[in-house]
Amino acid sequence: MGFINRRSTRRFNEKSDIYNIRAENIRKWMNDESADGFYGSAFNAEEKAKIAKSTVRNDVASTKDTENKYVCDDTNDYVFSLSRQELEDESLRFINADNIDKARLSLTTDFARAKAATTFNNYGLYWTRSPSQNEWCFWDYDVYNVLADGYVTFNHCCLNGRCVRPAIKLI
């Protein structure tokens, strides 16, 4: 599990742009082939040859909201964060978000803990790629995230301590 804190992104002038700018920064870091990026530093050439470039859905259905003004075009990525819909997909061995699900638990890495990731019994909180426009949202820039017990909820996208849980599809 990687770690991104609010200092990892640029400052924002428009609240409505906060989610998409942050998501784009995280996406670029996950797919960056340089030694500074996740893809470039986490995988060797042999491993990269086994990772498929995937069409990543970013539509309203991927958020499970009925409408969402923050969704964006689909992307093609080697590495991505799971969506809220994927984290509740039984075919991927997850259960409904209204329940705590051990399949969604994610142990934090030494790197994430050294960067002050929020942990509970070494399990971390991590972001999905899905912006939230839930009627209970307090901010215009909430995003769905997974708590340390595996429960899917939403929270402000710039809170410190949340992690990134990269996902890949193998060829």
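Every number in this text was worked out from the coordinates using simple rules, so none of it is lab data. Quick caveat, the model's predicted, so the values are computed rather than measured. All Cβ positions, glycine included, derive from the backbone under ideal geometry; neighbour counts span all protein chains shown.
Packing, taken as the mean count of other beta carbons within 10 Å per residue, orders the peptides 34-46, 120-132 from highest to lowest as 120-132, 34-46. Here is the tail figure for segment 43-110: Cα pairs spaced more than 18 Å apart come to 54 percent of all pairs.
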